[in-house]
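Novice: I'd like to ask you about the structure that follows.
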Amino acid sequence: MSTNHTKCLIIGSGPAGYTAAIYASRANLSPILYEGNQPGGQLTITTEVENFPGYPEGVTGPQLMTDLRKQAERFGAELRSGLVTTINFDVRPFELTIDNNDTITADTIIIATGASAKYLGLDDEKKYNGLGVSACATCDGFFYRKRTVAVVGGGDTACEEAIYLSNLAKKVYMIVRKDHLRASDVMQRRVFEKENIEVLFNSNTVGLFGEEFVEGAHLVEHKGTPQERFFDINIDGFFLAIGHKPNTDIFKGYITLDETGYIKLEGPTSATNIEGIFAAGDVADPRYRQAISAAGMGCRAALDAEKYIVEHF
Ligand code: NDP
């Protein structure tokens, strides 16, 4: 068991965490960053990233994260594998346990634990992950130009993704489990105005099929009722849009969260309700959820942490 202390502890290793580490190390805060369960974050499960500025030819998600990681290391950030398992934000310095074993104390903390897309829980989602299954239309939609895709979900995100995809793809199915969309009226209207979007109400996905890549989905309509009907649709891409879950469970009780679990920021900065604790990236951003916006938030959090250290230590 080892105990140690840092001026700046960064939790999470997506674009927000690594960017915070680059800025914090250049500001001489000697940050320690814990990479968590999925080093590199959500981008490590994406294929090609074409909208991150600075890569005119595009870059794979894993490569982008390797580059950001290297850049953070170059300035002296200490990157450690491990998961924060318990926290005590009532004491100063803040106290955290890593992997239920090591204790670390910190003068400032940057929470960059991200959010995880929700999946239906089908084995086929794993089988075809990156082979036609995606949870991000903005990331992967481009690869489905003039093809047929399906979006699962009936909320604002699903509508937004379906509309985005309808401008690229030949045809978009929306697979909606109820007999109505949950999305706002304006988003619903936009969906219904699109001639190449077909909404399949009362429908659930039971499986996917395809030789190597997704070629179609097995659906059931009116599941468990006398009208129950099984049918298939031919698709090239299967997009999940049934919500995201911010990774904030461990912070409950200390950090103020909104009703869906995202960290609430105080005013226009990265400050949380606890002085000295900042948040960046998807964990505090239900709206944009882009790698570049998360990186920008990481920069801001590191600058806020630096200012806090200068003013208080
Ligand atoms: P929501 O929770 O609003 O919607 C999730 C959708 O997925 C619902 O239609 C839900 O169905 C469906 N769903 C959930 N689980 C399953 C499942 N297991 N199988 C099939 N369908 C499922 O999430 P969103 O990501 O759409 O939105 C999150 C928040 O962000 C909302 O407040 C939304 O308004 C906001 N937002 C706003 C935008 C904007 O203003 N432009 C854009 C994007 C998001 P059911 O309805 O049956 O529960």
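Novice: Sort by residue number and name the cysteines in the chain that have no neighbouring cysteine Cβ under 4.7 Å.
Specialist: C8, C159, C299
Novice: Can I ask one more? Convert each backbone phi in the range 188-193 into a coupling constant with the Karplus relation 6.51 cos²θ - 1.76 cosθ + 1.60 (shift: θ = phi - 60°), then list the ³J(HN,Hα) values in order as whole Hz, x for Gly and Pro.
Specialist: Each residue's phi maps through the Karplus curve to give 4, 4, 4, 5, 5, 6 Hz.
Novice: If the chain between E228 and K245 were fully stretched, how many nm would it gain, using 0.36 nm times the residue separation less the Cα-Cα distance?
Specialist: 3.0 nm is the gain from fully extending E228 to K245.
Novice: Mind listing the long-range amide H neighbours of R177? Cut-off is under 5 Å, sequence gap 5 or more, other chains count too, H placed in the peptide plane at 1.01 Å from N.
Specialist: So R177 has HN proximity to G153, S203.
Novice: Something else about it: Residue separation times 0.36 nm, minus the C-alpha to C-alpha distance between E221 and T66: what's the value? Provide the component values of the computation, followed by the final result.
Specialist: On the way: separation 155, 0.36 × 155 = 55.80 nm, distance 4.36 nm.
Difference between extended and current length: 51.4 nm.
Novice: Could you go through the range 297-313 in sequence order and give the Karplus-derived ³J(HN,Hα) for each residue, using 6.51 cos²θ - 1.76 cosθ + 1.60 with θ = phi - 60°, rounded to whole Hz, and x for Gly and Pro?
Specialist: Once θ is set to phi - 60°, the couplings for the range 297-313 become 5, x, 4, 4, 5, 5, 5, 5, 5, 4, 4, 4, 4, 4, 7, 10, 10 Hz.
Novice: Please list the non-local residues whose amide H lies under 5 Å from the amide H of A135, H modeled 1.01 Å from N, same-chain partners needing a gap of 5 or more.
Specialist: Under 5 Å from the amide H of A135 lie the amide H atoms of L240, each far enough along the sequence or on another chain.
Novice: Under the rule of at least 5 residues apart or a separate chain, name every residue whose amide H is placed under 5 Å from the amide H of I110.
Specialist: Under 5 Å from the amide H of I110: L9, I10, I11, F278.
Novice: If you take the charge dipole of the range 193-313 about its Cα centre, with +1 on Lys and Arg Cβ and -1 on Asp and Glu Cβ, which of S270, V214, F201 is farthest toward its positive end?
Specialist: S270
Novice: Report the net charge of residues surrounding A169, where surrounding means a beta-carbon distance below 9 angstrom and charges are Lys +1, Arg +1, Asp -1, Glu -1. The partial results should precede the final answer.
Specialist: Working: positive: R145, K146, R147, K170, K171; negative: D236.
Net charge in that neighbourhood comes out at +4.
Novice: In addition: According to a simple spin-label model (label point 7 Å from Cα along Cα-to-Cβ), what is the distance in nm between S116 and D102?
Specialist: Result: 2.3 nm between the two label points.
Novice: While we're on this one: Between D90 and K178, what's the calculated FRET efficiency when r is the beta-carbon distance and R0 is 41 Å? Round to 0.05.
Specialist: The computed FRET efficiency comes out at 0.40.
Novice: Treating the beta-carbon of each Lys and Arg as +1 and of each Asp and Glu as -1, no other charges, what is the dipole magnitude of the chain about its Cα centre, to the nearest 20 debye?
Specialist: 320 debye
Novice: Please build a GNM for the chain, connecting alpha carbons under 10 Å apart, and tell me which residue among E73, E160, E212 fluctuates the most.
Specialist: E212
Novice: Rounded to the nearest 0.05, what FRET efficiency do I274 and F142 give with R0 = 41 Å and r taken as the Cβ-Cβ distance? Could you check? Could you put the intermediate results ahead of the total?
Specialist: Values: r = 40 Å, r/R0 = 0.98.
My answer for the efficiency is 0.50.
Novice: Taking the range 25-71, which GluC sites (Glu not before Pro) meet the DSSP loop condition and have no more than 15 other C-beta atoms within 10 Å?
Specialist: In loop regions of the range 25-71 (DSSP not H, G, I, E or B), the sparsely surrounded GluC sites (Glu not before Pro) are E50, E57.
Novice: If we count every other residue with Cβ under 13 angstrom of L64's Cβ, Lys/Arg +1 and Asp/Glu -1, where does the sum land? Let's see the in-between values first.
Specialist: Details: positive: R69, K70; negative: E48, E50, E57, D67.
Around L64, the charge tally is -2.
Novice: Among Y119, I87, G153, which residue has its Cα positioned farthest towards the positive end of the charge dipole of the range 75-186, with +1 placed on the Cβ of Lys and Arg, -1 on the Cβ of Asp and Glu, and the dipole taken about the Cα centre?
Specialist: Going by the charge dipole, the pick is G153.
Novice: Return the percentage of antiparallel bridges among DSSP beta bridges fully within the chain, rounded to the nearest 5 %.
Specialist: If we restrict to bridges inside the chain, about 45 percent are antiparallel.
Novice: Helix 61-74 against the longest principal axis of the chain: what's the angle in degrees, Cα atoms only, rounded to the nearest 10?
Specialist: The angle comes out at about 10 degrees.
Novice: Normalising by the residue count of the chain, find the relative contact order in percent from Cα pairs under 8 Å and 6+ residues apart. Walk me through the intermediate numbers first.
Specialist: On the way: 733 pairs, mean separation 64.7, N = 313.
Taking the mean separation of contacting Cα pairs over the length of the chain, I get 21 percent.
Novice: In addition: I want to verify a result. In a Gaussian network model of the chain, Cα cutoff 10 Å, which of these has the top mean-square fluctuation: V84, V283, V149?
Specialist: So, out of V84, V283, V149, the one fluctuating most is V84.
Novice: Using the Cα centre as the reference, give the magnitude of the dipole from point charges on the C-beta atoms of the range 36-187 (Lys, Arg: +1; Asp, Glu: -1; all else neutral), rounded to the nearest 20 debye.
Specialist: Its charge dipole is roughly 640 debye.
Novice: Also, quick follow-up: Please report, in debye to the nearest 20, how large the charge dipole of the range 212-313 is about its Cα centre when each Lys and Arg carries +1 at its beta carbon and each Asp and Glu carries -1 there.
Specialist: Dipole size: approximately 220 debye.
Novice: A further question on this structure: For K171, give me every one of the lysines with a C-alpha distance below 26 angstrom, ignoring sequence neighbours fewer than eight places off in its own chain.
Specialist: By straight Cα distance, K171 reaches K118, K126, K127, K146, K194, K223.
A short reminder: the numbers here are calculations on the coordinates, not readings from a lab. The model shown is predicted, which means the values in this text are computed figures rather than measured ones. A quick note on method: Cβ atoms are made from the backbone with ideal geometry, for glycine too, and the neighbour counts reach across all protein chains shown.
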